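Below is one structure; the comments refer to it alone.
The values are calculated or read from the model by the stated rules, or taken from the named source; none is laboratory data. Source: prediction; values computed, not measured. Methodologically, a virtual Cβ is constructed for each residue, glycine included, from the backbone with ideal geometry; neighbour enumeration extends over all protein chains shown. In case anyone asks, the SASA skips ligands and DNA or RNA and just uses the protein heavy atoms, side chains included. Shrake-Rupley method; radii C 1.70, N 1.55, O 1.52, S 1.80 Å.
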Amino acid sequence: MTLKERISEIFDKYSVQLEVEEKTEVKFATATLESGQEIQTDAESFAVGVSVFVVNDEGEQIPLPDGDYTLADGSMLVVSEGAIVEVNEASEEPAVEAEEDKEEEMSEEPKAEEVEASQEVLTREEVAGMIAEAIEATKAEFSSQIEERDAKITELSKQATKSLSRAPKMEAPAPVDLKSLSITERVAAIHNQFSK
């Protein structure tokens, strides 16, 4: 059983559900001027000190020239050296609608008490303890497998040693006195010595 499977088994046993925190990308704020041209910032909203620019057809960011600009929603921006130096909000009516929308969204969200009642809450230490237990169990299993493997290797090496000791020993050929032999006998003796 793998470590991942053991941890999953422990989590299933204790009904632990981990939530993955998603990293949200920073989105650039965009707005439309009264003229219909779209402008963008390098921040999440149009605020004082934020760079503001226009994106051309090639995708290049061109700083917005200095001046006063009215957005389609009625708010005004004062731009100097490519950055917003003043923001004048539009009339209060749209803000009231936005507050009503927020209230509706909040009423649709489940209450914290309901969420806590439906899930058992475990602390980080408890989860870490469960993971540590799974790791220790896996280590114990692997160490027993390693011990079994080492025992098999030792047994096989003993068997190989016994097999080698039982193998017939080859006798070395008797030395031949080449001086007493003729040339043809010498060649034949040398040939016989190395052909075995």
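Quick look at the values:
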| read-out | value |
| --- | --- |
| Residue that is open to solvent by less than 90 Å² (accessible area, probe 1.4 Å) and either touching a helix residue (DSSP H, G or I) at 6+ places or on another chain (Cβ under 7 Å) or modelled with pLDDT of 85 or more (or both), where the choices are Ile146, Ile183, Ile190 | Ile146 |
| Residue list for segment 35-53, filter: closer than 15 Å to Glu81 by Cβ, outside any loop (DSSP other than H, G, I, E, B) and open to solvent by less than 40 Å² (accessible area, probe 1.4 Å) | Thr41, Val52, Phe53 |
| When residues of segment 31-56 are limited to those that are of a type in the set (Val, Ile, Thr) and modelled with pLDDT of 85 or more, the one nearest to Thr138 (Cα to Cα) | Thr41 |
| Test for Phe28: is it open to solvent by 100 Å² or more (accessible area, probe 1.4 Å) and either out of contact with any helix residue (DSSP H, G or I) (no Cβ under 6 Å at 6 or more places or on another chain) or modelled with pLDDT of 80 or more (or both) | yes |
| Count of segment 54-86 residues which are open to solvent by 40 Å² or more (accessible area, probe 1.4 Å) and either touching a helix residue (DSSP H, G or I) at 6+ places or on another chain (Cβ under 6 Å) or aliphatic (A, V, I, L, M) (or both) | 5 |
